[in-house]
Amino acid sequence: MIRDPGLQPERTSLSWVRSQLLLIIISTVFFKMGVKYAYHGLNIVSYALFVFSLVIVIYNRYKFNKEWNEQFTVTQLDVTIKAIFSILIVLSCVVLMSYFIFKLILE
């Protein structure tokens with residue numbers, strides 16, 4: 001008998017795609033701001049975000065090509081990737097805030 005996985009696999013894959021798009025959009029905005037205002041901190045964070053979005057793409061190809069019974073258990077690698085994702089988002093906000101604070105102080 002074939003077991004119906006329901007909508008959970010689709011929701012999970014869509015959430016990963018949203019995360020990837022968020023990283024790519026933020027990295028593009030940071031890169032453009034870094035080039036325009038010559039602030040290298042934004043460029044470094046934009047490269048890190050873009051590389052991490054590629055890591056997520058590679059990991060998703062690996063995860064969602066597994067057998068159905070194996071692919072939806074939460075592994076330590078899943079938790080680590082999500083923690084790194086959260087840290088990079090917070091780091092990007094801190095770098096952006098530091099840019100605006102230094103810009104206000106120096107002007």
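Brief remarks follow.
- Estimated inter-spin distance, Thr12 and Tyr37, nm [label 7 Å along Cα→Cβ]: 4.0 nm
- Kirkwood Rh (inverse of mean 1/r, distinct Cα pairs), the range 10-106, angstrom: 14.6 Å
- Here the peptides 92-101, 24-33 are ranked by packing, the mean other Cβ count within 10 Å, and the order with the highest first is 24-33, 92-101.
- For the range 10-106, lysine pairs with C-alpha atoms less than 20 angstrom apart, excluding pairs fewer than eight positions apart on the same chain, total 4.
- The calculated FRET efficiency for Val51 paired with Ile101, based on their beta-carbon distance and R0 = 30 Å, is about 0.70.
- Other residues with beta-carbon under 15 Å from the beta-carbon of Ile89 carry, at +1 per Lys or Arg and -1 per Asp or Glu, a net charge of +2.
- A Cβ-based charge dipole, computed about the Cα centre of the range 10-106 with Lys and Arg at +1 and Asp and Glu at -1, lands at about 300 debye.
- Among residues other than Ile26 with Cβ under 14 Å from its Cβ, the summed charge is +2 (Lys and Arg +1, Asp and Glu -1).
Every number in this text was worked out from the coordinates using simple rules, so none of it is lab data. The model shown is predicted, which means the values in this text are computed figures rather than measured ones. Positions of Cβ are generated from backbone atoms using ideal geometry, with glycine treated the same way; all protein chains shown enter the neighbour counts.
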